[in-house]
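Single-structure report; data block below.
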Amino acid sequence: MSAIILDGKSLAESVRAEVKVGVDAFRAKHGRVPGLDVVLVGEDPASQVYTRNKEKASNEVGMRGRLHRLPADSSEASVLALVAQLNADPLVDGILVQLPLPKQVNEQKILDLIVPEKDVDGFHPINVGLLASGRPGLVPCTPVGCMRLLKLAGVDLKGARAVVVGRSNIVGKPIAQLLLAEHATVTIAHSRTRDLPAVCREADVLVAAVGKAEMVRGDWIKSGAVVVDVGINRVDSGKGDGKTRLVGDVALEEAKERARAITPVPGGVGPMTIACLLQNTLTAATRRATQG
Ligand code: NDP
């Protein structure tokens, strides 16, 4: 069997096109465009690329994307003050603080200050609670992207055995919640799970969100399973040229021989994350405009 490759890049393009249509309709109805404000503290090179991409992507769909840069030695009080200012600004619909923050700034304090209705990352405890209790809130972007990819694969999640490897608050746990809401029977595995390969072999749907290059081997995968690989790991190119390449948490070539469908890295979950951030911003703007 050679698995269907779930093309996150083209799915992300169609999500962005959907959002653009939504933004045009929002502008026609409310006389303004949704606003996404991204906060970057410091000069971490990866964070600089991510935040620039978010700002660019939001402007491309017709939103007002703004990037706020603060120096690496910013005090916690100055970051809190910026978040408070964005909370109070009626033209700001989505606030995203890029992680990680410098060590003098308490991450939890900053994220907790973002008002839940503008929390487009879905990390605020109120949004976490809404997701856990099956009520509408703002849901973390990468997990939403994973669910869209599973939909693309045409998976019937009702009663399916789903295994999520990884239990982080931003990826593993929310994905598990979303799978549960779709009536899958969900197991969350982590670094203390006994006999992880055997647990994974039970899965009709296997989600890997670990951060360990190609940890999930082909023979961990049940024949015909659908595999979503969230991991992004930079490894040596193997060509002796000193260059690197990106791989996921799943050994793709091996997994392709067993899975029915699989997301590649790069080009799977990654592109969906920003597309779902734009979707969340439009959702936040629409709720604020209609619910006051
Ligand atoms: P975290 O480091 O926060 O969590 C990793 C999880 O994997 C933990 O729950 C940990 O278990 C578990 N784990 C670690 N080692 C093992 C092991 N040997 N066996 C089983 N479980 C293990 O990572 P994130 O959730 O933030 O990210 C996971 C991956 O997804 C990373 O590669 C990250 O780069 C990528 N990512 C990709 C995104 C995208 O847009 N595509 C967005 C966000 C993340 P324990 O809790 O026991 O320590």
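The values are calculated or read from the model by the stated rules, or taken from the named source; none is laboratory data. Here the structure is a predicted model, which is why all the values come from computation and not from measurement. Every residue, glycine among them, receives a Cβ derived from its backbone with ideal geometry; neighbour counts consider all protein chains shown. Only protein heavy atoms, including side chains, enter the accessible area calculation; ligands, DNA and RNA are left aside. Shrake-Rupley method; radii C 1.70, N 1.55, O 1.52, S 1.80 Å.
Based on what the data block shows, is residue 133 under 24 Å from residue 287 (Cα atoms), open to solvent by 30 Å² or more (accessible area, probe 1.4 Å), of a type outside the set (Lys, Arg) and over 19 Å from the mean Cα position of the chain (by Cα)? So residue 133 passes the test. So, residue 183, is that one without any contact (Cβ under 8 Å) to a residue 24 or more places away in the chain, of a type outside the set (Val, Ile, Thr) and either away from the ligand (no atom under 16 Å from the Cβ) or over 30 Å from residue 90 (Cβ atoms) (or both) or not? Here the answer is no, as residue 183 does not meet what is asked. If you go through region 186-212 and keep only what is within 12 Å of the ligand (Cβ to nearest atom), out of contact with any Asp or Glu (no Cβ under 8 Å at 6 or more places or on another chain) and of a type in the set (Gly, Ala, Ser), you end up with 189, 191.
Taking first residues from region 188-209 that are in contact (Cβ under 8 Å) with a residue 40 or more places away in the chain and partners that are within 6 Å of the ligand (Cβ to nearest atom), the Cβ contacts under 6 Å between residues at least 6 apart in sequence or on separate chains come to 208/165; 208/231; 209/166; 209/171; 209/172; 209/230. Could you say whether any residue in region 40-63 is over 23 Å from the mean Cα position of the chain (by Cα) and without any contact (Cβ under 8 Å) to a residue 24 or more places away in the chain? The answer is no; no qualifying residue exists. Among the residues of region 213-230, just one is part of a loop (DSSP other than H, G, I, E, B), near the ligand (Cβ under 10 Å from one of its atoms) and buried (at least 24 other Cβ atoms within 10 Å of the Cβ), namely 230.
Residue 253 falls short on exactly one of the conditions (1) over 23 Å from the mean Cα position of the chain (by Cα); (2) within 30 Å of residue 116 (Cα to Cα), and that condition is (2). Only one of the numbered conditions (1) of a type in the set (A, V, I, L, M, F, W, C); (2) more than 26 Å from residue 94 (Cα to Cα); (3) open to solvent by less than 60 Å² (accessible area, probe 1.4 Å) is violated by residue 152, and that is (3). Tell me the helices (runs of 4 or more DSSP H) entirely within region 1-104 that contain at least 2 residues that are at pLDDT below 95. Fully inside region 1-104 and qualifying: 45-60.
Of all residue pairs spaced 6 or more apart or on separate chains, those with beta-carbon atoms under 7 Å, a first member in region 115-130 that is more than 14 Å from residue 89 (Cα to Cα) and a second member that is of a type in the set (D, E, K, R) and open to solvent by 10 Å² or more (accessible area, probe 1.4 Å) are 124/112; 125/112.
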